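Take a look at the structure below.
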Amino acid sequence: MNYAASAHQNITAKLPGWRATALFAALLAGLLGLLGRGVYLQGIHDDFLQEKGNARYSRVIEVSAHRGMITDRNGEPLAVSTPVDSAWASPSDAEADNSQVRQLAQILGMDAAEVKKRLFDTSRDFVYLKRHLPPDQAGQVASLNLPGVSLQREYRRFYPAGEEAAQTLGFTGQDDNGQEGLELSLQEQLAGKSGSQRVIKDRRGHIVEDAGSLLAPKAGSDVVLSLDRNVQHLAYRELESAVRQHKAKAGAVVVLDARSGEVLALANYPAFNPNNRGKISAQAMRNRAIADLFEPGSTMKPFTVATAIEQGKVRPDTLINTEHGVYTVGGKKIHDSHPEAMLTVAQVIQKSSNVGSAKIALSMESETLWQSLSDSGFGAQTGSNFPGEASGKLRASKTWKPIEQATMSYGHGLSVNLLQLARAYTIFTNDGELKAVSLLKLDAPAVGKKVFSDSTAHALRDMLEKAVQPGGTAPLAQVAGYRVAGKTGTAHKLEGGRYVNRYVASFVGFAPVSDPRLIVAVMIDEPDNGQYYGGLVAAPVFSKVTGEVLRALNVPNDAPLDNVIMPTDIIVEEV
Amino acid sequence: MLRNEGALNVLLLAAVVVCALSVVTSQHKARKLFIKLQNEKERAQQMDVEWGQLQLEQSTWATPARVEKIAAQQLQMQLPGNGQVQFIRVEPDGRVNRQP
């Protein structure tokens with residue numbers, strides 16, 4: 001029985017040597033492969049794993065920066081951004097039954113069908129349900145806790161001054177970017193740039209560590225305007241009542257600081273409420289004082305006379321033959337409404353004589369007159385940087401015919417905007433220096449450009465003061481307790497290149513004459529209540545605004561309180 | 001010599017452990033403080049928002065038009081007329097000078 005022994009002998013126990021070697025090599029290769037992969041993932045190509053890891057705890061959050069505030073010169077807010085919530089939906093995630101949709105619609109004040117349509121419009125990933133909700137409504141939406149409906153924080157702009165400064169401030173669009181007016185021209189300074197920040201969040205979503213700022217947020221800076229809210233209110237109130245009283249189409253008032261050229265008020269009527277802009281007509285949105293051109297009429301005469309005095313052609317007491325009110329130049333007749341045989345240069349301004357003005361203008365080279373008008377800022381931008389500013393037209397002197405030179409001397413055949421006209425009068429309040437206008441508050445008054453000599457400017461100041469006294473064209477411009485000076489203007493409107501029987505009545509003046517503080521320019525477009533002369537329509541607005549503003553600014557009286565003398569008959573100018 | 005080296009190693013090990021633990025605690029502290037800071041920042045932002053809203057509210061109530069209306073209609077006030085206002089000039093030396 002050698003069974004076991006024979007069995008043992010039958011088996012060849014020895015394995016081939018190469019198998020062990022092959023297995024070892026395979027295992028080694030596997031190990032090397034893993035090591036290589038490990039080195040590759042951890043060392044060479046580590047971005048992928050980093051990213052996956054970061055995605056578990058690191059988040060990038062938006063850091064919002066809001067738009068800067070606009071304030072008046074005394075720091076009163078004129079435009080403020082404040083956060084509001086907008087409700088939006090992600091239709092693919094939205095779940096709501098009919099009663100929830102009705103509830104949501106009720107909170108939002110919308111039609112239930114409309115809400116439903118937006119909520120389940122799966123062709124879109126993102127849809128606003130309603131923007132700019134008041135805080136209480138937003139709270140109610142949040143408490144509904146509907147899947148797929150969320151709130152987003154946005155900013156909305158409010159304008160405490162409402163319609164009074166609407167066209168000047170302009171407004172912002174839905175996304176808080178400036179669209180009109182100063183909001184547009186100051187966009188650079190006002191706009192905030194939102195930034196982003198990388199943070200580490202824990203399991204419960206709390207931020208536990210700041211992992212570095214990606215983009216620093218930049219809050220919009222606040223802008224201080226030259227406007228004075230109180231002055232703006234007074235100007236707007238008087239303008240509104242005058243436009244209504246005269247059934248005019250529109251009107252504008254500009255109040256300048258006579259020393260620095262800062263704009264204290266810039267009011268337009270009709271206006272709109274910038275806080276509730278359902279439907280605004282383009283008419284109400286126009287900033288007429290800057291964007292609209294008109295023929296200035298007699299308010300130009302002081303510049304003609306000043307040029308002639310500067311050139312030594314006339315003196316204030318030089319007599320001019322005013323030809324009994326009719327004077328022919330190049331076959332065209334120039335008329336005066338109050339015919340006189342002879343007037344002094346001062347009386348030409350006082351009684352607003354077209355004949356006198358034409359004769360003075362024709363005594364000079366066209367080049368000289370053009371240069372002087374151009375130096376006074378006509379036909380050029382005012383420097384306000386307001387969007388849509390119209391620069392006005394002043395044709396080159398080479399193209400002037402004598403009749404044109406004559407009519408231009410009393411403000412026909414050229415066009416200006418009201419701000420430009422008001423600015424030009426800084427020459428008479430600053431000893432012949434033309435100041436740049438500024439809508440921003442200035443720390444120190446800007447240096448102007450000398451246009452006329454001190455003595456010419458003073459001579460014109462005296463003449464303009466006579467124009468508002470009895471015997472002048474604007475006794476209604478007088479202010480109790482203050483000496484004022486100014487010039488009326490009335491001009492036909494141009495339509496399609498032809499003069500029509502509709503008028504622009506204007507008045508530009510300054511006060512107090514002894515030490516001018518204010519320049520007030522008034523323009524009433526198409527007065528339609530029987531009167532259309534600047535001295536009857538615009539001068540009373542000047543008087544009210546100037547009187548109230550001088551008192552509001554605590555300017556001491558420079559005349560006795562009973563200085564106002566009303567004549568029985570008011571001289572009107574020929575247009 | 002050898003014994004000394006062994007003792008030093010033990011000492012260094014202990015130091016390493018202490019350092020490691022303090023890193024953990026200071027990290028924890030830093031996170032706690034950071035959360036606090038974050039909360040305070042949020043509060044500051046909320047207050048900022050509220051400040052803006054209050055400014056807005058104040059200036060809306062104080063609109064010249066509204067003040068004027070209430071003064072004239074409810075309180076029966078009126079602007080002082082001519083002659084009812086007197087200007088008094090205060091000289092630099094403090095003397096008061098009534099204007100004529």
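Readers should treat all values here as calculations from the given coordinates under stated rules, not as data from a laboratory. The structure displayed is predicted, hence computed values, not measured ones. Neighbour counts run over all protein chains shown; Cβ positions are idealised from the backbone, glycine included.
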Net charge near A:Leu119 (other residues with Cβ under 14 Å of its Cβ; Lys, Arg +1; Asp, Glu -1) is -1
Averaged over the residues of B:45-58, the number of partner chain Cβ atoms within 10 Å of each residue's own Cβ comes to 4
Computed over chain A, the distribution of all Cα-Cα distances in 10 Å bins, rounded to whole %, is 3, 14, 20, 17, 11, 9, 8, 6, 3, 2, 2, 1, 1, 1, 1, 0, 0
The FRET efficiency for B:Lys29 and B:Leu54, from their Cβ-Cβ distance with R0 = 35 Å and rounded to 0.05, is 0.45
Inter-chain shielding metric for A:374-382, i.e. average beta-carbon neighbours from other chains within 10 angstrom, reads 0
Under 30 Å between C-alpha atoms, the lysine pairs in segment A:60-224 lying 8 or more places apart or on different chains count 7
A:Asp46 and B:Asn9 label points (each 7 Å along its Cα→Cβ direction) are spaced in nm at 3.0
Rounded to the nearest 0.05, FRET efficiency between A:Arg244 and A:Ile200 (Cβ-Cβ, R0 60 Å) equals 0.40
Checked chain B with the C-alpha gyration tensor, a ≥ b ≥ c its square-rooted eigenvalues, rounded below a/c of 1.5, otherwise prolate if a/b is larger than b/c and oblate if not; verdict oblate
Trypsin sites (Lys or Arg not before Pro) in segment A:40-127 lying in a DSSP loop, each with at most 10 other Cβ atoms within 10 Å of its Cβ, come to none
Computed ³J(HN,Hα) along segment A:507-519: with the Karplus parameters 6.51/-1.76/1.60, θ = phi - 60°, integer Hz and x for glycine or proline, the list is 8, 10, x, 9, 6, x, 4, 5, 7, x, 10, 10, 10
Restricting to Cα pairs under 8 Å and 6 or more apart, the percent relative contact order of segment A:337-414 works out to 32
Tilt, helix B:64-73 to longest principal axis of chain B (alpha-carbon atoms), in degrees rounded to tens, equals 50
Given unit charges at Cβ for Lys, Arg (+) and Asp, Glu (-), the dipole magnitude of chain A about its Cα centre in debye, nearest 20, is 1560
Longest chain A segment clear of GluC sites (Glu not before Pro) sitting in DSSP loops (not H, G, I, E or B) with at most 13 other Cβ atoms within 10 Å runs A:96-364
Checking rank on A:505-514, A:327-336, with mean other Cβ inside 10 Å and highest first, the result is A:505-514, A:327-336
Extension length gain for A:Asp175 and A:Ser391 (0.36 nm per residue less Cα distance), in nm, is 74.7 nm
Expressed as a whole-number percentage, the relative contact order of segment A:197-278 with C-alpha contacts under 8 angstrom and at least six residues apart is 23
Taking Cα atoms, the helix A:539-552 axis meets the longest principal axis of chain A at an angle in degrees (rounded to 10) of 60
Taking 0.36 nm per residue of separation between A:Arg131 and A:Leu144 and subtracting their Cα-Cα distance, the length gained on full extension comes to 2.9 nm
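When a/c reaches 1.5 or more, the comparison of a/b and b/c decides; with that in mind, is segment A:60-224 rounded, prolate or oblate per its Cα gyration tensor?
oblate
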Here the gain from full extension of A:Thr122 to A:Ser64, 0.36 nm per residue of separation minus their alpha-carbon distance, amounts to 17.9 nm
Where a ≥ b ≥ c are root eigenvalues of the Cα gyration tensor, a/c under 1.5 meaning rounded, otherwise prolate if a/b exceeds b/c and oblate otherwise, segment A:11-124 counts as oblate
Whole-Hz Karplus couplings 3J(HN,Hα) for segment B:20-35, θ = phi - 60° and coefficients 6.51, -1.76, 1.60, Gly and Pro as x, run 4, 5, 5, 4, 4, 5, 5, 4, 4, 4, 4, 5, 4, 5, 5, 4
Any trypsin sites (Lys or Arg not before Pro) in segment A:339-425 that lie in a DSSP loop and have at most 15 other Cβ atoms within 10 Å would be A:Arg395
Once normalised by the length of segment A:60-224, the mean sequence separation of its alpha carbon contacts under 8 Å that are 6 or more apart gives a contact order in percent of 33
Between A:Gln152 and B:Trp61, Cβ-based FRET efficiency (R0 30 Å, step 0.05) works out to 0.50
